[in-house]
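Quick notes on the structure that follows.
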Amino acid sequence: MGLLTKGTPLTWEETVPYVEYIKKHGIVQFINLYHRLKNREGDQLKWGDEIEYTIVKFDHANRKIRVSLRADDLLQTLQAREMVNNITSEGNPYLWRPEFAAYMIEGTPGVPYGGLLACFNVVESNMILRRAEASRLLKKDESLFSISFPALGTNDFTDPPTAPNPHDENGAGRSIFFSDEGIYSGHPRFRNLVRNIRGRRGEKVAINVPIYKDKNTPSPFVEKFAFDDEDAKRSALPDHIYMDHMGFGMGCCCLQMTFQAVNIDEARWLYDQLTPITPILVALSASTPIFRSYLADVDSRWNIISASVDDRTREERGLEPLQHNKFVINKSRYDTTDCYIYSCSAPYNDIPLEYDENIYNQLLEGGIDEYLSKHIAHMFIRDPLQVYKERIEQDDAKSTEHFETIQSSNWMNMRFKPPPPDAPEIGWRVEFRPTEVQLTDFENAAYCCFVVLLTRVIISYKLTFLSKISKVGENMKRAQKRDAVLNQKFHFRNKLANCMAPPEARQNCPAKNPSFETEEMTINEIVNGDGKEFPGLIPLIRQFLDGADVDVDTRCTITQYLNFIQKRASGEIWTLAHWMREFVMHHEDYKHDSHVPDTIIYDLLKYMDEINKGEKHCENLLGCFRSKTDSKIPNAVRRAEEQLIMSLARRKNH
């Protein structure tokens, strides 16, 4: 959701005079925070998920489905309940926050899950109850989906109806498809981001997604647009689906996970080790094969979001000689990370890193080590896009707002998150960001538990999955391809390597030795094992669980999740993207011309809604799994796990 500070937002033109000031003071704020909290130790694992939901409305009479622009209505009620619960000390089982679009809301657990293994048995239950709470506020014929809406930007795709106006000089997006009314209006952040990305870039964003070429698809595929638009004439590519607004990316839903580390070293280590895992999850969770009601030749939204927030000027994109800008920047501010940040990961940083020398030196002189300094300085080649008139002057010893305004708008596949300055209960954290959201709560819980359990395996066995950072970028490109889980191979370590020494002594660990190389492996081999030297991620998790004291219900639930993901990886169970594509291809209204008309979108989402509500089941998509999820951890299980944790801690201290 990003930084939700309120105030009077500045336009890009009004922001420009303050850019260098904000960067300089943002770095001072980070340095102050770092030194205040760098020695923080002993934080326990706490983690949580963020799920974004789309509100839709069915028009059964006309077999049409639209997004419902009622996010603010729902949020006012949901957040009012939060305030009441806080006053009465009842606590909140879930929290609700705004997202980019007027048809989106974001839900999280009310409090983080803890380090008890039994917590894995309450995740799905929390998601089920979370969805039910929001769904109770829906009107007749409305539903709540955890998917990205496949008809964004088509004619009459919102309820109530809205119309784009690309010629409105005061408009935020000036899109030929996506109206400003589709942007969430309850907070100034979102509309101002749209306006300032366009203002800084000097033109509208340009998103081009390769179209799926079916037997009747025109070749070349060239669209005729409803508006005479210069940006479209210049930017729309043949054989691609063209889009021109931030909403086509940030208006898609996602699933993200954040977990707290024991200290800053563990957070940096986890950040690096999970980075090579991110493309694997993109392929495994693929769920977005349709854009603007056209079948695409990709299964993921990743590059679409990347292009939707690309504020680089023509100079920064290398299209014109540098004159007004400092750098040619190779990527959008939403993309794969360009460097590892732990010291012994440095040999795997094999791509040139653009960073501001002045900011880098400011960090070094402030006592930040080389690798973290480069990471921060690289982030700060981006300008702040969201500045509030009343909040330019800050107390750098107490605030990190200038730092966060740039950090929170660098939307990478991983995010290293310092503790907030005003929340002593929160430690150093890592955010895992690329997973595509799934249709059902079972699937979303399965992916969350899989990733969090993988962090426990990495830490417990001191495993390293590092590969060259350039390989991660290549893997991310492959992960988005159609049926990547079945057809693509990914650069990945084919042998286990670990690093048993403490951080300060890790001079000869495999992570520092680039001779430990990768080979190309399928998702099935990475997840389930290659039958040779690499055991597979899920067998490693099972080995970890075999050595842990897990109650019967939790072990049953985790087993269901792991079995499900194993079958997704092998192709025995389809990804949502594959399932949606098959549904369209076999629908009687499909003309094999890549276009997905309203009637198919309606039938598709109606069937998905019935699956989500338990009225229908589809084995190809979900298999035959059922967890033993529960809303509470039994007291006996909680006491037993807490006693075990205390016993292990005492043994470690002695």
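By the helix-only formula, in which each DSSP H run with n ≥ 4 contributes -39500 (n - 2.57) and the sum is divided by residues, the chain has a 222 nm mean residue ellipticity of -11500 deg cm²/dmol. Remark: Phe327, Phe145 ranked as Phe327, Phe145, counting other beta-carbon atoms within 10 Å and listing the fewest first. Here are some pairs, Lys331/Lys471; Lys213/Lys489; Lys46/Lys417; Lys23/Lys389; which of them have Cα atoms lying more than 21 Å apart in this structure? Check vs 21 Å cut-off fails for Lys213/Lys489.
Residues Val194, Val552, Val457 in ascending order of nearby Cβ atoms (within 10 Å, fewest first): Val552, Val457, Val194. For a label point 7 angstrom out from the Cα of Phe327 toward its Cβ, which stretches of the range 410-449 have the backbone nitrogen within less than 19 Å? It comes to 410-417, nothing else. A simple packing score, the average count of other Cβ atoms within 10 Å per residue, orders the peptides 159-171, 576-588 as 576-588, 159-171, with the highest score first. Ignoring aspartates and glutamates fewer than eight residues from Lys326 along the same chain, the ones with Cα atoms less than 16 angstrom from its Cα are Glu20, Asp311, Glu315, Glu316, Glu354, Asp356, Glu357, Asp383.
Simple spin-label estimate for Asn635 and Asn155 gives 6.4 nm between the two label positions (7 Å along the Cα-to-Cβ direction from each Cα). Shape class for the range 12-523, computed from the alpha carbon gyration tensor (a ≥ b ≥ c): rounded, with a/c under 1.5.
For a label point 7 angstrom out from the Cα of Glu582 toward its Cβ, which stretches of the range 201-222 have the backbone nitrogen within less than 20 Å? Label zone hits: 212-215.
Put in order of Cβ neighbour count within 10 Å, fewest first, the listed residues Arg555, Arg198 become Arg555, Arg198.
Net charge around Phe157, counting only other residues with Cβ within less than 13 Å of its Cβ (Lys, Arg = +1; Asp, Glu = -1)? Taking every other residue near Phe157 into account, the sum is -1.
Beta bridges per DSSP, both residues in the chain: antiparallel share near 90 percent. Here the calculated FRET efficiency for Asp395 and Ile351, from their Cβ-Cβ distance with R0 = 35 Å, stands at 0.40, rounded to the nearest 0.05. The Cβ shell under 11 Å around Asp598 holds other residues with a net charge of -1, Lys and Arg each +1, Asp and Glu each -1. If the cut-off is 12 Å between C-alpha atoms, which aspartates and glutamates fall inside it for Lys532, apart from same-chain ones fewer than 8 positions away? Answer for Lys532, where 12 Å is the Cα cut-off: none of the aspartates and glutamates qualify. Taking a sphere under 12 Å around the Cβ of His240 and counting the other residues whose Cβ falls inside, with K and R at +1 and D and E at -1, yields a net charge of -1.
With a ≥ b ≥ c the root eigenvalues of the C-alpha gyration tensor of the range 505-628, is it rounded (a/c under 1.5), prolate (a/b larger than b/c) or oblate? It comes out oblate by the Cα gyration axes. Report the residues of the range 146-186 in range of a label on Asp59: point 7 Å along Cα→C-beta, backbone N strictly under 17 Å from it. Answer for the range 146-186: 150-164, 178-179, 182. By the rule of a C-alpha distance below 21 Å, with chain neighbours fewer than 8 residues away ignored, the lysines paired with Lys64 are Lys139, Lys140, Lys591, Lys606, Lys613, Lys616. Under Stokes-Einstein, with the Kirkwood radius over Cα pairs standing in for Rh, what whole-number D in µm²/s applies to the range 208-350 at 4 °C and 1.567 mPa s? Using the Kirkwood radius from Cα pairs, D works out to 71 µm²/s.
All of the numbers you see were taken from the coordinates with simple rules; none came from a lab. Just so you know, these numbers come straight off a predicted model, no measurement behind them. Methodologically, a virtual Cβ is constructed for each residue, glycine included, from the backbone with ideal geometry; neighbour enumeration extends over all protein chains shown.
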